[in-house]
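Notes for the one structure printed next.
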Amino acid sequence: MITRIFFALIGLLVIFYVYNRVKKNLFSEKESMFWMLGAVVVFILSIFPKVIDQFSRILGIEYPPSLLFLCAMMFILILLLRQGQQISILSNNVKELIQRNALLEQKIMEVREKNEQD
């Protein structure tokens, strides 16, 4: 019973934490939905632990906690894939900004040289 209360509190704390981070513009809404979903699942599973048993029976998993580990691993894998995608996008944006900055600096130098000649 104590563990159910503990995990329910953890779920609620994560929900409120993510909500406050989004409210203060420290976390994007897109990413927050992913974390909110995970926190809601933790909260629901802590209140109704028999749901895990039912899902594991449906999926043919003999040891129900294995389903939790599988879900946690999938959650982390999806999180890593999303973070990798975001890093790639940001790297491309930085590369493009550096190139634009170099072109602008070159144009400034050309304008300065032209003004010095006049």
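Worth a mention:
- Those aspartates and glutamates that a straight Cα-Cα span of less than 20 Å connects to Lys107, excepting residues fewer than 8 apart in one chain: Glu96, Glu116, Asp118
- Computed magnitude of the charge dipole of segment 1-115 (debye, nearest 20; Cβ of K, R +1, Cβ of D, E -1): 260 debye
- Taken per residue, the accessible surface of the chain reaches 85 Å², heavy atoms only and a 1.4 Å probe.
- Simple rule: put +1 on each Lys or Arg Cβ and -1 on each Asp or Glu Cβ in the chain, find the dipole, and look at Val94, Tyr19, Ile78; the Cα lying farthest toward the positive end is Tyr19.
- Of the DSSP H helices in the chain, those that are both long (alpha-carbon extent of 15 Å or more along the helix axis) and hydrophobic (Kyte-Doolittle mean at least -0.5) are 2-23, 29-47, 64-117.
- GNM result for the chain, Cα springs below 10 Å: residue of Asn92, Asn20, Asn101 fluctuating most strongly: Asn101
- Note that the chain shows a convex hull volume over its alpha carbon atoms of 123 Å³ per residue.
- Portion, in percent, of the accessible area of segment 33-118 that falls on carbon or sulfur, probe 1.4 Å: 68 percent
- Anisotropy class assigned to segment 1-45 is oblate, per the alpha carbon gyration tensor with a/c at or over the 1.5 cut-off and a/b no larger than b/c.
- Total charge dipole magnitude, segment 49-118, about the Cα centre, Cβ charges on Lys, Arg, Asp, Glu only, Debye to nearest 20: 360 debye
- Largest GNM mean-square fluctuation among Ile98, Ile15, Ile47, using the chain with Cα springs under 10 Å: Ile98.
The values are calculated or read from the model by the stated rules, or taken from the named source; none is laboratory data. Note that this is a predicted model, so its numbers are computed, not measured. We place every Cβ from the backbone using ideal geometry, glycine too, and count neighbours over all the protein chains shown. Note: areas computed on protein heavy atoms with side chains; ligands, DNA, RNA excluded. Shrake-Rupley method; radii C 1.70, N 1.55, O 1.52, S 1.80 Å.
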